[in-house]
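**Q** Pasting in a structure now, in structure tokens, and then I'll have a few things to ask.
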There are 2 protein chains.
Amino acid sequence: MRLVESRLTGPVRVVGVGLLGTSVALGLRQRGVEVILADASPTHVAIAVDLGAGRAAAPGDEPELIVVAVPPDVTAQVVASELAAFPDAIVTDVASVKAGILQDLRDQGADVTRYLGSHPLAGRERGGPLAGRADLFQGRPWVVAAHDDISYRRASAVDDLILDLGGTLVEMTPEQHDRGVALISHVPQVVSSLMARRFIDAPSDALGLAGQGVRDVTRVAASDPDLWVQILGANAASVRDILVAYRDDLDRFIDALADPAAPGARRRVAEELAGGNAGVSRLPGKHGTDKRFATLTVMVDDRPGQLARLLAEIGEIGVNLEDLRLEHAQGRQVGLAEIAVLPEAVDRLSTELAARGWRIAG
Amino acid sequence: MRLVESRLTGPVRVVGVGLLGTSVALGLRQRGVEVILADASPTHVAIAVDLGAGRAAAPGDEPELIVVAVPPDVTAQVVASELAAFPDAIVTDVASVKAGILQDLRDQGADVTRYLGSHPLAGRERGGPLAGRADLFQGRPWVVAAHDDISYRRASAVDDLILDLGGTLVEMTPEQHDRGVALISHVPQVVSSLMARRFIDAPSDALGLAGQGVRDVTRVAASDPDLWVQILGANAASVRDILVAYRDDLDRFIDALADPAAPGARRRVAEELAGGNAGVSRLPGKHGTDKRFATLTVMVDDRPGQLARLLAEIGEIGVNLEDLRLEHAQGRQVGLAEIAVLPEAVDRLSTELAARGWRIAG
């Protein structure tokens, strides 16, 4: 699929073809951009080439832009060597902590007039080139960590990259960025991991009571520790500041629970919880357009063909399925299909499905 | 819809027709059980009657079983007055903390030979009678807080209730229950609320970077503070014990971040994160057995009938679909169907679908 022509004219070199690098490469290929792939692992390069992400690097390559997508610990070093090896190229990186890398490059005397760090807020649970998707960055924020040593004209190559990949450009200083991601990504990771640690020695029958709430709170606790040690190490000061404030709240909470009948104890607990209400309400909505669809829940017997029959009948009724989620009830031979459709279609669909004998659960 | 006959023979009185009470009543009505509704709010009773949840209470009612579904703070008092008002009835409640209620009843000299507390692990984000659903408890754990003063024969009325409503009966002592829910519900609530509190004064551009991870961690922070003050107050000792252990981990984490380059600091951070991995892996899967299934992601064009065709072909291939999730890629005319099947079937399914022209995305 060829979309609108890219504003990038020269080839783009992608260094590191894991999830992010491969996704960058696939997205650029869709725009008709020439992509050159490099990675410490020849196997990863071969896989990415097979995926249609570009061609392997060769002597004499003259990239216009270089995207460094390697682990955070080695990003500064790889950026420095790319700046040295390709003296006409603009270099960016996609690491999730920004101030330290720029400082490192300055300390090394690297040519930061050609470096502009960036950070796409996108990811998946799986890593590696096979997890790469051309649309990974579509509609996601992509921070450009602005500094004063790169000219406006040179910086535009990075803007073009983000535009090509469908990201939403957000300009911040490296320090603003690092404080921001500490708050909305790094501290939540720590909070979730420390919660999940409490399950290590817990009785299984207690864990058997777990519902969606605790699953949500601890989902990111399954993240890769190797990657997160690097991220947290690189952003230690910002993460620590927020964790200290968090601990102060926690201490007050623990004190209040020591004697919940004491004067003021319930009020303090209520205030902390109400603060959580106020805080979470400030997070912007999921897609900006959460409310586009209405949902209908249909009970589906766990027999072969039942779900296919349901979907075929929805098609016959003439309603377009916007999204679908099937969930098996625990230990029961019935599933719940949550169907998302346009709001104006939901009543008719509900009526017609019921008339065809489907059980509508909500 | 009338399902298998209930083993309950007499009427069931439901006191409190919020989400849980109304759902109990609706589920029992589906089994053909006579349901009597009582609530401090006549409006709520009228709504629940309109929903088909039963009839309003009347003088001379002789319930076999009474289900008290009122806020935790007043549960013990309402249970005591129901025990006194209906001297032949068995009484249960559905409050989410159990030991304190039994102790209260004993302290008051209530007839606990007719009381057996219980707790269905089910809920929705919405409250009130209109949120009630007959299938709310289907496949969900429902704890019976066993004690020695009620006879086996009398307790069977509560077992029958849980069976009627499709819950999975879990027997625990009140103390085991309270420690269990502290771990898998009450502490996660606190951890999430305190995280969300950090957003109150945060710059909006930082919050604009939020992705799915932080949304998941803080989703339950939107819960009702009034209800949670009651729950946390009633289970303060168990919640506090776990929070103290959590704080000890947090203190170590904060220390390690003070100088992440110090000897051993990275190892300590890595250990805390790896502990989170180990803990979260102990949570049973959505279906009780997370690891039963392997998943395959198939790209599905966003044209009518495509998903139905995919499911029909999976049926032809002879593989049973265990679970399915459809996700539209943002801004693209293609969806990703995540298909869960038994692990031994995944390779064959992948090969045969690819042979039929489906694009396998992972």
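**Q** Evaluate the following for B:LEU169: is it more than 7 Å from chain A (Cβ to nearest Cβ), in contact (Cβ under 8 Å) with a residue 12 or more places away in the chain, in contact with an Asp or Glu (Cβ under 8 Å, 6 or more places away or on another chain) and not polar (S, T, N, Q)?
**A** Working: more than 7 Å from chain A (Cβ to nearest Cβ): yes; in contact (Cβ under 8 Å) with a residue 12 or more places away in the chain: yes; in contact with an Asp or Glu (Cβ under 8 Å, 6 or more places away or on another chain): yes; not polar (S, T, N, Q): yes.
Answer is yes for this residue.
**Q** Determine which member of the set B:VAL170, B:VAL181 is in contact with a Pro (Cβ under 7 Å, 6 or more places away or on another chain) and among the aliphatic types (A, V, I, L, M).
**A** Of B:VAL170, B:VAL181, the one residue that is in contact with a Pro (Cβ under 7 Å, 6 or more places away or on another chain) and among the aliphatic types (A, V, I, L, M) is B:VAL170.
**Q** Those residues that are surrounded by fewer than 17 Cβ atoms within 10 Å (Cβ to Cβ), more than 10 Å from chain B (Cβ to nearest Cβ) and either over 33 Å from the mean Cα position of the chain (by Cα) or modelled with pLDDT of 80 or more (or both), I need them from the range A:288-319; list them, please.
**A** A:THR295, A:ASP301, A:ILE317
**Q** Going by what's in this entry, would A:GLY54 be described as in contact with a helix residue (DSSP H, G or I) (Cβ under 7 Å, 6 or more places away or on another chain) and farther than 13 Å from A:VAL15 by Cα? Steps first, please.
**A** Values: in contact with a helix residue (DSSP H, G or I) (Cβ under 7 Å, 6 or more places away or on another chain): yes; farther than 13 Å from A:VAL15 by Cα: no.
Spelling it out, it is not the case that A:GLY54 is in contact with a helix residue (DSSP H, G or I) (Cβ under 7 Å, 6 or more places away or on another chain) and farther than 13 Å from A:VAL15 by Cα.
**Q** Could you say which residue among B:SER185, B:SER151, B:SER204 is closer than 29 Å to B:SER281 by Cβ and small (Gly, Ala, Ser)?
**A** Details: B:SER151 fails: closer than 29 Å to B:SER281 by Cβ; B:SER204 fails: closer than 29 Å to B:SER281 by Cβ.
The unique qualifying residue is B:SER185.
**Q** Would you mention how many residues in the range A:30-65 are within 19 Å of A:ARG133 (Cα to Cα) and touching a residue at least 40 places away in the same chain (Cβ under 8 Å)?
**A** The total comes to 9.
**Q** In addition: If A:GLY285 passes every condition in (1) surrounded by fewer than 16 Cβ atoms within 10 Å (Cβ to Cβ); (2) among the small types (Gly, Ala, Ser); (3) modelled with pLDDT of 80 or more but one, which one does it miss?
**A** The failed condition is (3).
**Q** Separate question: Would you point out which residue out of A:ALA245, A:ALA202, A:ALA236 is over 25 Å from A:GLU272 (Cβ atoms) and either among the hydrophobic types (A, V, I, L, M, F, W, C) or within 7 Å of chain B (Cβ to nearest Cβ) (or both)? If you could, list the steps in order and put the result at the bottom.
**A** Numbers: A:ALA245 fails: over 25 Å from A:GLU272 (Cβ atoms); A:ALA202 fails: over 25 Å from A:GLU272 (Cβ atoms).
The match here is A:ALA236.
**Q** Quick one: B:ALA56 ticks every box in (1) over 28 Å from B:ARG179 (Cα atoms); (2) surrounded by 23 or more Cβ atoms within 10 Å (Cβ to Cβ) bar one, so which box is it?
**A** (2)
**Q** Scan the range A:220-236 for residues that are in contact with a His (Cβ under 9 Å, 6 or more places away or on another chain) and among the aliphatic types (A, V, I, L, M) and jot them down. Working first, answer last.
**A** Initially, the range A:220-236 is screened for residues in contact with a His (Cβ under 9 Å, 6 or more places away or on another chain), giving A:228, A:231-232, A:235.
Passing the criteria: A:ILE231, A:LEU232.
**Q** Pick from A:ALA131, A:ALA146: which is closer than 29 Å to A:PRO87 by Cα and in contact (Cβ under 8 Å) with a residue 12 or more places away in the chain? It would help to see each step written out before you state the result.
**A** Values: A:ALA131 fails: closer than 29 Å to A:PRO87 by Cα.
Step by step, each of A:ALA131, A:ALA146 is checked, and only A:ALA146 is closer than 29 Å to A:PRO87 by Cα and in contact (Cβ under 8 Å) with a residue 12 or more places away in the chain.
**Q** Could you tell me which residue of the range A:186-224 is surrounded by the fewest Cβ atoms within 10 Å (Cβ to Cβ), considering only residues that are of a type outside the set (A, V, I, L, M, F, W, C), farther than 19 Å from B:ALA258 by Cα and within 17 Å of the chain's Cα centre (by Cα)?
**A** Going through the qualifying residues, I end up with A:ASP224.
**Q** Residues of the range A:248-257 being more than 8 Å from chain B (Cβ to nearest Cβ) and crowded, with 21+ Cβ neighbours inside 10 Å, which ones?
**A** Restricting attention to the range A:248-257, the residues satisfying the condition of being more than 8 Å from chain B (Cβ to nearest Cβ) are A:248, A:252, A:255-256.
A:ALA256, the sole residue that qualifies.
**Q** Name the pairs: first residue in the range A:314-327 and free of Cβ contacts under 8 Å to residues at least 40 places away in the same chain, second residue in a helix (DSSP H, G or I) and surrounded by fewer than 18 Cβ atoms within 10 Å (Cβ to Cβ), Cβ to Cβ under 6 Å, at least 6 apart or on different chains?
**A** That search, which allows pairs on different chains as well, returns A:ILE317/A:GLU352.
**Q** When the range A:209-225 is examined, which residues are found to be more than 7 Å from chain B (Cβ to nearest Cβ) and free of Cβ contacts under 8 Å to residues at least 12 places away in the same chain? Steps first, please.
**A** Within the range A:209-225, the subset more than 7 Å from chain B (Cβ to nearest Cβ) is A:212, A:223-224.
Of everything in the range A:209-225, just one residue is more than 7 Å from chain B (Cβ to nearest Cβ) and free of Cβ contacts under 8 Å to residues at least 12 places away in the same chain, namely A:GLN212.
**Q** I would also like to ask the following. Out of all the residues in the range A:88-106, which are farther than 20 Å from A:ASP159 by Cα and without any contact (Cβ under 8 Å) to a residue 60 or more places away in the chain?
**A** In the first step, residues of the range A:88-106 are kept if they are farther than 20 Å from A:ASP159 by Cα; the result is A:100, A:103-106.
Of everything in the range A:88-106, those that are farther than 20 Å from A:ASP159 by Cα and without any contact (Cβ under 8 Å) to a residue 60 or more places away in the chain turn out to be A:GLN103, A:ASP104, A:LEU105, A:ARG106.
**Q** Residues being touching a helix residue (DSSP H, G or I) at 6+ places or on another chain (Cβ under 8 Å) and buried (at least 21 other Cβ atoms within 10 Å of the Cβ): count how many of those fall in the range A:151-165.
**A** Number satisfying all stated conditions: 3.
The values are calculated or read from the model by the stated rules, or taken from the named source; none is laboratory data. Quantities reported herein were computed from a predicted structural model and do not represent experimental measurements. Note that we place each Cβ from the backbone using ideal geometry, even for glycine, and neighbour counts take in every protein chain shown.
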